[in-house]
Each structure stands twice: as C-alpha cells, then as structure tokens.
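**Student:** First, the structure itself, so that you have it in front of you.
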Amino acid sequence: MAKYGDATNVSGTPEEVRHKFEVLAHHCADARRDPATIRRTMQVPLFLNEDPAFKQRVLQGMSAATGVSEQQAARSILLGSVDEIKERLHEFAEAGVQEFMLAQWPRIHRESLKRFSKEVIPAFR
C-alpha cells in the first residue's frame, strides 16, 4: 500500500482510524513516499434514526456481529440524529478521513439518505 496504493479504506472508531493512518504514514516514510498522496477513505454504516429502541437494537446487533462492546460499536458507525451523525463525522474527519462511503441501513429507507443529503452534507462544504 505505502509504495503503490493510491487510496486506503478503513473502519473502526475515530481512535482506531487515526492509529491506522499513523501506521500508514510510518510505512510511507519507509517507502520514501508522501502519505498525503494516498487518499484516506472510510466505509461506514449509516443509521439516521432518532428512535431510542431502534438505536439500541442496532448497537446490540453490531456488538454481536463484531465482537466489541456496544459503546465501541457506537463509535465506529453513524447512528442517531443528524447532530449525532455530524459529531461522529467530525471526529472521523479529525482522525484523517477525507471521504466517506456510506452503507445505508436499512437499504430501503431512502428518507434517511435524503435527510443526510439535506441536513448533514451542507455542514461539511
């Protein structure tokens, strides 16, 4: 990756993502490459939903699927209200993510993606 790649795609909490990019930077230094020449992306599930019961079900499912605590699962996805999602996106951006690839959940719930487009994206322009 450090020698030939033009992008890297990561997942995890903001702290884990930051660490992954630091490791990449060390490999780039070894390869005598500027790490800024590698695009840093993240694929992340999007659950734009304010319902507390829905949020709890998502966290239980993510925890069971990934083997991490519900708290750690919550920090590695986009879950909750528009403001909660904006906050998480800011954390990921501060960790070095330049581009997000959203995994829309549930896939057929187009309304949340429309809300994301209208209410979240403008805050990052």
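**Student:** Return the FRET efficiency for the residue pair residue 103, residue 22: r is the Cβ-Cβ distance, R0 is 35 Å, and the value is rounded to the nearest 0.05.
**Tutor:** Values: r = 25 Å, r/R0 = 0.71.
Efficiency, from the Cβ-Cβ distance: 0.90.
**Student:** Then there's this: What shape does segment 52-125 have by the C-alpha gyration tensor, where a ≥ b ≥ c are the square roots of the eigenvalues, rounded means a/c under 1.5, and otherwise prolate means a/b greater than b/c and oblate the rest? The partial results should precede the final answer.
**Tutor:** Details: a/c = 1.97, a/b = 1.28, b/c = 1.53.
Oblate is the answer for segment 52-125, as a/c is 1.5 or above yet b/c matches or exceeds a/b.
**Student:** Between (i) 62, 24, 19; (ii) 40, 32, 27; (iii) 49, 34, 22, which matches Cα extents along the principal axes in Å calculated for the structure shown?
**Tutor:** (iii)
**Student:** Going by amide H atoms built from the backbone, whose H comes under 5 Å of the H on residue 79, apart from near neighbours?
**Tutor:** 47
**Student:** Across segment 42-58, in residue order, what do the Karplus-derived ³J(HN,Hα) couplings come to in whole Hz, using 6.51 cos²θ - 1.76 cosθ + 1.60 with θ = phi - 60° and x for Gly and Pro?
**Tutor:** 8, 9, 9, x, 10, 10, 7, 7, 8, 5, x, 5, 5, 4, 5, 4, 4
**Student:** Which lysines does residue 114 reach when only Cα atoms under 28 Å apart count, and residues fewer than 8 places away in its own chain are ignored?
**Tutor:** List returned: 55, 86.
**Student:** When the dipole is taken about the Cα centre of the chain, and only Lys, Arg (+1) and Asp, Glu (-1) are charged at their Cβ, what size is it in debye, to the nearest 20?
**Tutor:** On the way: 18 positive and 17 negative charges, 87 e Å.
Using Cβ point charges on Lys, Arg, Asp and Glu, the chain gives about 420 debye.
**Student:** Pick out, from 27, 7, 61, the residue whose Cα sits farthest towards the positive end of the charge dipole of the chain, with +1 on the Cβ of Lys and Arg and -1 on the Cβ of Asp and Glu.
**Tutor:** Value computed over the given set: 7.
**Student:** Here's a follow-up. Which lysines, if any, have their Cα less than 18 Å from the Cα of residue 20, not counting same-chain residues under 8 positions apart?
**Tutor:** Within reach: 3.
**Student:** Turning to a different aspect of this structure: So what is log10(I(q)/I(0)) for segment 67-110 at q = 0.15, 0.23, 0.27 1/Å, when the Debye sum runs over its Cα atoms only?
**Tutor:** Calculated log10 I(q)/I(0) at the listed q: -0.43, -0.95, -1.13.
**Student:** Just to check I understand the Karplus step: with θ = phi - 60° and J = 6.51 cos²θ - 1.76 cosθ + 1.60, what whole-Hz values come out for segment 74-88, glycine and proline as x?
**Tutor:** Working through the residues one at a time gives 4, 7, 10, 9, 9, 9, x, 6, 4, 5, 5, 5, 4, 4, 5 Hz.
**Student:** Can you give the FRET efficiency to the nearest 0.05 for residue 51 and residue 110, using r as the Cβ-Cβ distance and R₀ = 25 Å? All intermediate terms of the calculation are to be shown ahead of the outcome.
**Tutor:** On the way: r = 17 Å, r/R0 = 0.69.
Taking R0 as 25 Å, the efficiency between residue 51 and residue 110 is 0.90.
FYI, it's all coordinate maths here, none of it is from the lab. Treat the numbers as computed from the prediction; the structure is a model and nothing was measured. As a convention, Cβ positions derive from the backbone with ideal geometry for all residues, glycine included, and neighbour counts pool all protein chains shown.
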